[in-house]
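Take a look at the structure below.
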Amino acid sequence: MRTSLQDLLALGRPLLADGATGTNYFKVGLESGEPPEFWITDHPERVIGLHQQFVDAGADIILTNTFGCNRHRLKLHNAQARVHELAAGAAKLARSVADAASRPVVVAGSVGPTGELFEPLGALTHDEAVDAFAEQIEGLKEGGADVAWIETMSAPEEMRAAAEAAIRVGMPYVCTMSFDTAGRTMMGLAPNTLAAQFADLSVAPLAIGANCGVGASDILVSVLEMTGAANPIVCKGNCGIPKFEGTTITYSGTPN
């Protein structure tokens, strides 16, 4: 059943997003260092299966398996030429699950950071970043994603570049940052200044918020600092800090 994030937000109720993608993939065979995006073509049934589990659990929003599907991250695996193919393929897999659901489910195209530093700290320029994100978002749009879900950003410059790319492609977008360093992002942005980052853009985000971070209690503090914003707020936490116990990864967070 096709819908849009705008339509679901108009219902005026809390919306439930899905859970962790990579964490769940590790449970069913993803190896350390293996890009999850390769599963889009190598193990599509596992990708579809996780989407289905989230829909069955009540998710209103499912994120595509494309967090690292940009040319800079895929270059680490000599797959930089596959950005469009993988992004479109991932959106199609998620779309197939959403379309078969008995209720409206939004397909959000996951857009994570490039892993590169912007000038002058690094070599990445604004225009290069916008081009890289636009390439990914174009694939997500072609595959049927409803919204670009820009997430886990630390640098405002990178978040804005991704937002500008979504605007260029003609996709509505959401932006969330990771406030995991003493209540700020790694690059120093405070939660209560997030909304102001979009003031001069031609299209505003549908929602803003926080994701990942260091656990439930900390992310709650982050989103409470955003409550004055006009935008709907996203709170998409993780299960705390991962740690190895033998060869098993566990998290500091508990279900409660």
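Listed values, structure above:
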{"quantity": "For Phe26, Phe179, order by how many other beta-carbon atoms lie within 10 Å, fewest first", "calculated": "Phe26, Phe179"}
{"quantity": "Global geometry of the stretch 80-183, whether rounded, prolate or oblate, following the gyration tensor of its Cα atoms and the 1.5 cut on a/c", "calculated": "prolate"}
{"quantity": "J(HN,Hα) series, the stretch 139-146, from Karplus relation 6.51 cos²θ - 1.76 cosθ + 1.60, nearest Hz, glycine and proline x", "calculated": "x, 4, 5, 4, x, x, 5, 8"}
{"quantity": "Ratio of the Cα radius of gyration of the stretch 5-251 to 2.2 N^0.38 Å, where N counts its residues", "calculated": "0.95"}
{"quantity": "Tail weight of P(r) past 21 Å, computed on alpha-carbon pairs of the stretch 1-100, percent", "calculated": "36 percent"}
{"quantity": "Rg ratio (alpha-carbon, reference 2.2 N^0.38 Å) - the stretch 143-227", "calculated": "1.05"}
{"quantity": "Förster radius 45 Å - calculated FRET efficiency between Leu220 and Lys75, Cβ distance, rounded to 0.05", "calculated": "0.80"}
{"quantity": "Value of relative contact order over the stretch 84-243, rounded to a whole percent, pairs C-alpha under 8 Å and six or more apart", "calculated": "18 percent"}
{"quantity": "Alpha-carbon centroids, the stretch 118-138 and the stretch 230-248: separation in whole Å", "calculated": "26 Å"}
{"quantity": "Amide N proximity, the stretch 98-129 versus Arg13 label position 7 Å along Cα-to-Cβ, cut-off under 15 Å", "calculated": "102-106"}
{"quantity": "Within the stretch 1-101, trypsin sites (Lys or Arg not before Pro) in DSSP loop having at most 16 other beta-carbon neighbours inside 10 Å", "calculated": "Arg2"}
{"quantity": "Cleavage-rule hits, chymotrypsin sites (Phe, Trp or Tyr not before Pro), the stretch 193-256, DSSP coil, Cβ neighbours within 10 Å at most 10", "calculated": "none"}
{"quantity": "Alpha-carbon centroid distance for the pair the stretch 1-25 / the stretch 81-103, whole angstrom", "calculated": "15 Å"}
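Readers should treat all values here as calculations from the given coordinates under stated rules, not as data from a laboratory. All of these numbers come straight from a predicted model, not from anything done at the bench. For neighbour counting, all protein chains shown are included, and Cβ atoms are generated from backbone atoms with ideal geometry for every residue, glycine included.
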